Amino acid sequence: MPRDASAFLDRDEVDDLDAILAIKSDPNEVIHTVEDNADAIFTWDYERTRPSLSKLYEKAKSAQWNGETDLDWSIEVDPEEVAAAASALNNPEMMKSMGIELAGTSFEKWGEKEWTQVGIEQQNFMLSQFMHGEQGALLCTAKIVETVPWIDAKYYAATQVMDEARHVEVFAKYLDTKLSGHYLINPHLGLLLDDIIADSRWDITYLGMQIMVEGLALAAFGLMQAITPEPLLKQLLRYVMADEARHVAFGVLSLQEYYKELTGPELSDRQEFAFEAAVRLRDRLLAAEVWERMGVDPKEATLVLRPPDMDKNSDPFQMMLFSKIVPNLSKLGLLDANDGWLRQRFDTLGVSQFETWVDSSIEYEMLDAVTDDRAAAAAGA
Ligand SMILES: [Fe+2]
Ligand SMILES: [Fe+2]
């Protein structure tokens with residue numbers, strides 16, 4: 001049976017706001033070194049025995065795109081327009097309707113200028129964390145090429161390494177040339193990436209990256225892609241999402257096979273890891289760095305805008321976070337294992353209701369940016 005969360009989290013209470021906000025990134029760090037503790041595994045068995053991974057590999061080969069030439073970088077970007085999507089979540093009228101009271105707080109005197117600026121900062125923060133997460137995926141997937149024992153998985157992971165390099169490249173270019181630079185890596189995301197890359201077990205790389213980090217990313221990209229009015233970002237996210245859907249499927253298809261063989265105590269480790277990752281991903285959404293830049297105490301901002309008594313099911317951020325992760329963990333058997341320990345933990349976060357949503361094992365087949373674009377181009381010619 002997994003342990004109580006206080007045994008593996010860095011605090012006694014999962015929701016201890018002071019402890020969450022006390023964790024900071026080092027602003028002067030450029031090179032960050034993590035011991036990756038892994039054996040590089042050769043396999044002399046070249047038999048193609050995993051057709052679902054083989055199919056994914058074929059798909060990946062034909063779905064490659066070029067961030068320089070397939071995206072229209074001539075599009076001029078207005079940061080206020082890009083921020084419109086994020087601003088919708090920071091709209092005082094909408095907050096009122098959700099029962100959030102701004103009178104008597106630092107936000108009382110905020111006008112359109114401040115709410116627009118916070119929208120710009122939040123968008124920049126989110127895209128910056130996407131970029132850092134993409135670099136995490138690049139390193140994790142390179143590690144999987146070395147550590148996974150199956151030839152079909154090594155082949156597929158190699159295509160993902162290329163995908164992730166392209167994703168880091170396009171997010172960095174967007175932030176540097178269309179917006180105004182980027183935020184540092186959020187400390188909670190940084191700790192999670194460190195934990196994932198430091199673990200010696202090959203399946204934990206997948207669980208942390210393909211299931212948790214990329215599961216969140218796929219949901220977040222989908223939301224942002226749907227609501228942003230900015231055409232270049234819309235196009236960029238659509239291309240990235242088509243790749244991410246394959247990456248999450250790679251995680252589900254690989255671990256589904258492997259986790260069937262694990263014992264209760266082995267699954268218990270994975271359940272703890274998944275819960276800790278979920279908490280870190282949630283903590284990142286507090287975006288303390290944005291409030292600091294806006295001159296508002298992050299603790300006040302959090303307590304005012306996300307009052308502790310607010311119904312967790314009504315929080316769109318939490319919804320976004322877990323709508324892909326929970327069904328995929330369910331498909332892997334991690335919600336049920338050990339008397340449903342992880343399901344109970346997710347109940348306390350208010351996200352178990354996503355359990356029956358569609359999992360990501362075949363979703364990628366419906367999402368193909370490159371083929372769609374080529375078809376559109378052919379139809380127009
Ligand atoms: Fe990616
Ligand atoms: Fe990815």
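Since every read-out is calculated from the coordinates, none of them should be taken as a lab result. Keep in mind that this is a model prediction, so the values were computed, not measured. Note: ideal-geometry Cβ built from the backbone for every residue, glycine included; neighbour counts use all protein chains shown.
See the values below:
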| quantity | calculated |
| --- | --- |
| Around Ser52: net Lys/Arg minus Asp/Glu count, Cβ-Cβ under 12 Å | +1 |
| Lys pairs under 18 Å by Cα in region 103-380, provided they are eight or more residues apart or on distinct chains | 5 |
| Sum of -39500 (n - 2.57) over DSSP H runs of 4+, divided by residues of the chain (222 nm, nearest 500) | -19000 deg cm²/dmol |
| Distance in nm between pseudo-label sites at Ser97 and Asn37 (7 Å out along the Cβ direction from Cα) | 4.8 nm |
| Karplus-derived HN-Hα couplings along region 38-50 (A = 6.51, B = -1.76, C = 1.60, θ = phi - 60°), whole Hz, x at Gly and Pro | 10, 8, 7, 10, 8, 10, 8, 9, 8, 5, 8, 9, 10 |
| Kyte-Doolittle mean at least -0.5 and Cα axial length at least 18 Å: DSSP H helices in the chain | 112-147, 151-173, 214-227, 231-259 |
| Mean Cα-pair separation over length for the chain, i.e. relative contact order, pairs under 8 Å, 6 or more apart, % | 24 percent |
| Size of charge dipole - region 1-159 - debye, nearest 20, with Cβ of Lys, Arg +1 and Asp, Glu -1, no other charges | 720 debye |
| Phi to ³J(HN,Hα) by Karplus 6.51 cos²θ - 1.76 cosθ + 1.60 over region 21-30, Hz, x for Gly, Pro | 6, 6, 7, 10, 8, 8, x, 9, 7, 9 |
| Arg11-Met366 pseudo-label distance in nm [points 7 Å out on the Cα-to-Cβ vector] | 3.7 nm |
